[in-house]
Amino acid sequence: MNYHWNWTFFFDVADDGERYFQWILSGLGWTVTVALCALVIALALGSILGVIRTTPNKWLVGIGDAYVEIFRNIPLIVQLFLWYQVFPEILPKGVGDWVKQDLPDVIPAVFGLGWYTAARIAEQVKSGILSLPRGQTNAGLAMGLTLPQVYRYVLLPMAYRIILPTLTSESMNIFKNSSVTYAVGVLELYFQYKQIIEKTNQVLEITIVVTTIYFILAFSVNRIMAFIENRVRVPGYITSGGK
């Protein structure tokens, strides 16, 4: 193999006056920003959808089911292109032009990734709620709690504890899935990875570095979630996380 290793190229000056390691740090910053913002959206929306899919209201259940089936079964990259290229065209012209010209690319990317992940989290929240004994709901209602209060104080605190292992996987995946947003112009880590390869041809060095960064991100999320799981676990419902 006649590959020429050159680890010092990270300190070379790029065309824009920055060094290549600064491109990596910038991409890492955008990756973390996009992933965390999308995770907040996914947790909030996924929780709402998961709850309404377990209510007695058939209309709410139908809305939740339709959302999950649509967003879970369309590839993420296709959804992002729909939000970027199709959605602005069906809006009123003034609004559509503003979305295409003035709205930062990162905003639709965050919401697209968040809405996609919300469909997966909704399924997990629903499963967590339905795994609880029906008697817990009846007991809460018998004590005078309203149905929303039963969800708030009885069902959801237990359901979240049960689904923490699957939420850990989704939290790790959202950092990895953020790499797809490069296709719509977000200057995240994978975008910078592609740029650096085109500029330097130092494929192996940058691949090793970027792979290591993604591993560290995912592993850090795993350890944080395992710590939370151990602190809030209920014996008999979930096992000790991370062991």
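Laboratory data are not the source of any read-out in this text; all were calculated from the coordinates shown. All values derive from a computational prediction rather than experimental measurement. Every residue, glycine among them, receives a Cβ derived from its backbone with ideal geometry; neighbour counts consider all protein chains shown.
Cα-Cα pairs above 29 Å in the chain: how many percent?
43 percent
For every helix of n ≥ 4 consecutive DSSP H residues, a contribution of -39,500 (n - 2.57) applies; sum these over the chain, divide by its total residues, and give [θ] at 222 nm rounded to the nearest 500 deg cm²/dmol.
Taken over the chain, the calculation gives -22500 deg cm²/dmol.
Rule-of-thumb check for the range 115-219: C-alpha Rg over 2.2 N^0.38 Å?
1.64
Lysine pairs in the range 7-232 with Cα distance under 27 Å, only those 8 or more apart or on different chains: how many are there?
Close lysine pairs found across the range 7-232: 6.
Taking 10 °C and 1.306 mPa s as the conditions, I'd like the Stokes-Einstein D for the range 187-236 in µm²/s, using the Kirkwood hydrodynamic radius from alpha carbon pairs.
122 µm²/s
Is the shape of the range 1-105 rounded, prolate or oblate, going by the alpha carbon gyration tensor and its root eigenvalues a ≥ b ≥ c, with a/c under 1.5 for rounded and a/b larger than b/c for prolate?
Verdict is prolate for the range 1-105.
If I fit a long axis through the Cα atoms of helix 58-72 and take the longest principal axis of the Cα atoms of the chain, what angle between them do I get, 0 to 90°, rounded to 10?
Roughly 20 degrees between the two axes.
Among Leu189, Leu45, Leu145, which one shows the biggest mean-square fluctuation in a GNM of the chain, springs joining Cα atoms closer than 10 Å?
Between Leu189, Leu45, Leu145, it is Leu145 that shows the largest mean-square fluctuation.
Taking only C-alpha pairs under 8 Å that are 6+ residues apart, what is the relative contact order of the chain in percent?
It rounds to 26 percent for the chain.
Can you give me the relative contact order of the range 1-142 as a percent, contacts being Cα pairs under 8 Å and 6 or more apart?
Normalised by residue count, the contact order of the range 1-142 is 35 percent.
If you put +1 on each Lys and Arg Cβ and -1 on each Asp and Glu Cβ, how big is the dipole of the chain around its Cα centre, in Debye rounded to 20?
1280 debye
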